[in-house]
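The values are calculated or read from the model by the stated rules, or taken from the named source; none is laboratory data. As the structure is a computational prediction, the values presented were derived from the model and not from experiment. Glycine also receives a Cβ, built like all others from the backbone with ideal geometry; neighbour counts cover every protein chain displayed. Side chains included, ligands, DNA and RNA excluded: accessible areas come from the protein's heavy atoms. Shrake-Rupley method; radii C 1.70, N 1.55, O 1.52, S 1.80 Å.
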Amino acid sequence: LQRERRVHPVHGPGIFTVKRFHLDRRLPRWIQALVHVPIRLEERGWNLYPLMVSVITIPMFPHFRLHIHSLYLSGTGSDNAHNLGEGALA
């Protein structure tokens, strides 16, 4: 729905996107019969190559918020791409 160049307050310039997914159309019919309101998932993402920051919300549940930080690395990969401490990896 939205795609524009913006400056992230922490990580600098990148591309900001907003996407909406209508999940009620993908649910089985018996669940659709129980739920009479549209179920929508909203993703707000920042493409700040090599970093991707996504925030996923469900407007029906205002306190639900899922933050995903992805990092693109060249090569075969890393076991600790975000340089987390031992406590966070356990």
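Here are some notes:
- Ordering of 10-20, 62-72 by burial proxy (mean other Cβ atoms within 10 Å per residue, highest first): 10-20, 62-72
- Note: relative contact order over region 1-85, using C-alpha pairs below 8 Å and six or more positions apart, is 20 percent.
- Whole-percent carbon and sulfur share, accessible surface of the chain, 1.4 Å: 57 percent
- Annotation: E43 carries an accessible surface of approximately 30 Å², with a 1.4 Å probe and no ligand, DNA or RNA atoms counted.
- Helix-only [θ]222 nm of the chain, DSSP H runs n ≥ 4, -39500 (n - 2.57) each, per residue, nearest 500: -2000 deg cm²/dmol
- Contour minus Cα-Cα distance for R20 and R44 (0.36 nm per residue): 7.7 nm
- The chain shape via C-alpha gyration tensor axes, a/c threshold 1.5: prolate
- Charge context of P62, other residues only, Cβ under 15 angstrom, K/R +1, D/E -1: +2
- Charge dipole of region 1-87 about the Cα centre (unit charges at C-beta), most positive-ward option of P50, I31, L71: I31
- Heavy atoms of the protein chains alone define the surface here; on that basis the chain has 80 Å² accessible area per residue at 1.4 Å probe size.
- Separation in nanometres of the label points that stand 7 Å from Cα toward Cβ, at E86 and L1: 4.6 nm
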